[in-house]
């Protein structure tokens, strides 16, 4: 099942998870243009080669088959204050899986304990606002580059610098403060630089947060009954292609609002806009994918564009 996607209002990267396993069941997927088409909750069969990237396991995908079925994955519950669990490296079994930080005490909360421990967009959370880092779980949001893969649709960030640095955040920034709390925090469990981090996918992964957050507008899945069908007579024109700067987009047979997104070959979303022109001058020379979605999230087309 797809637990995170490259779609707008999501993590920006594709993770899949075996719905029938509770350990060693999730993995990051890369290297195939069909990954861009996936929505969270879809059942897929993915084939590829398992690789290690700086200690992080990923699947270099050769084929993607969508069964057409939908299912919700229940996150694995973890106590972020369980220092023994982290110290014994038992967390490895949850790498790439959907996890939720919870307080096992009845009515207990999850608290931000160390709002800015470093300059890497991280912060620590725990079941007690006074616990140290040794009894807290690490969270990252607002940063995307070659070695950081957190969401740009999460408001709760360690510093306002992440609004524009290492990716343009798409939601208002809410700076972390000691003592801010929530009922539950959900995300994909990631490993890098010898640390495990929880990567929330969007603001909806913060359940019962003490500060009001903008709700996610995650696109509905085609075929789920929540969106209308896009007919085959919709024609998408993209020009000039190749281009050094401006891409013009025209849709024939579709007169409603659309969202255009530019992704790299790994499915990472680099730009989103509802305008009929996209300026890609700032992107490196190479091949990218242009995805067009309807206003309700329905996929209209995916095509290749070349940046000169």
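The values are calculated or read from the model by the stated rules, or taken from the named source; none is laboratory data. Here the structure is a predicted model, which means the values were calculated and not measured. So basically every Cβ, Gly included, is an ideal-geometry build from the backbone, and we count neighbours across all protein chains shown.
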(message) without any contact (Cβ under 8 Å) to a residue 60 or more places away in the chain and more than 21 Å from the chain's Cα centre (by Cα): is that true of residue 67 in this structure?
(response) yes
(request) Could you tell me which numbered condition residue 72 fails, if it satisfies all but one of (1) modelled with pLDDT under 95; (2) in contact with a strand residue (DSSP E or B) (Cβ under 9 Å, 6 or more places away or on another chain)? (result) (2)
(request) Please work out which residue is surrounded by the fewest Cβ atoms within 10 Å (Cβ to Cβ), limiting yourself to the range 149-163 and to residues that are touching a residue at least 40 places away in the same chain (Cβ under 8 Å) and in contact with a strand residue (DSSP E or B) (Cβ under 7 Å, 6 or more places away or on another chain). (result) 159
(message) Can you tell me which condition residue 104 does not meet? The list is (1) within 27 Å of residue 284 (Cα to Cα); (2) part of a loop (DSSP other than H, G, I, E, B), and all the others hold.
(response) (1)
(message) If I go through the range 2-57 residue by residue, how many of them are on the phi > 0 side of the Ramachandran plot and either under 12 Å from the mean Cα position of the chain (by Cα) or assigned by TED's automatic domain parsing to the domain that holds residue 197 (or both)?
(response) 2
(message) Quick check on my filter: what residues within the range 193-209 are buried (at least 17 other Cβ atoms within 10 Å of the Cβ), out of contact with any helix residue (DSSP H, G or I) (no Cβ under 7 Å at 6 or more places or on another chain) and either part of a strand (DSSP E or B) or touching a residue at least 60 places away in the same chain (Cβ under 8 Å) (or both)?
(response) 197, 198, 199, 200, 201, 202, 206
(message) For the range 164-178, give me each residue that is touching a residue at least 60 places away in the same chain (Cβ under 8 Å) and in a loop (DSSP other than H, G, I, E, B).
(response) 170, 176, 177, 178
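Each row is one residue, and each column tells you yes or no for (1) surrounded by 19 or more Cβ atoms within 10 Å (Cβ to Cβ); (2) within 17 Å of residue 188 (Cβ to Cβ); (3) not assigned by TED's automatic domain parsing to the domain that holds residue 197.
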{"site": "99", "(1), (2), (3)": "yes, yes, no"}
{"site": "103", "(1), (2), (3)": "yes, no, no"}
{"site": "108", "(1), (2), (3)": "no, no, no"}
{"site": "116", "(1), (2), (3)": "no, no, no"}
{"site": "130", "(1), (2), (3)": "no, no, no"}
{"site": "136", "(1), (2), (3)": "yes, no, no"}
{"site": "140", "(1), (2), (3)": "yes, yes, no"}
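So that you can scan it fast, the table gives a plain yes or no per residue for (1) closer than 16 Å to residue 197 by Cα; (2) touching a residue at least 24 places away in the same chain (Cβ under 8 Å); (3) assigned to a loop (DSSP other than H, G, I, E, B); (4) in contact with a helix residue (DSSP H, G or I) (Cβ under 9 Å, 6 or more places away or on another chain):
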{"residue": "46", "(1), (2), (3), (4)": "no, yes, no, yes"}
{"residue": "72", "(1), (2), (3), (4)": "no, yes, yes, no"}
{"residue": "85", "(1), (2), (3), (4)": "yes, no, no, yes"}
{"residue": "142", "(1), (2), (3), (4)": "yes, yes, yes, yes"}
(request) Could you check the range 210-308 for strands (runs of 3 or more DSSP E) lying wholly inside it with 3 or more residues that are modelled with pLDDT under 85 and touching a helix residue (DSSP H, G or I) at 6+ places or on another chain (Cβ under 8 Å)? (result) 299-307
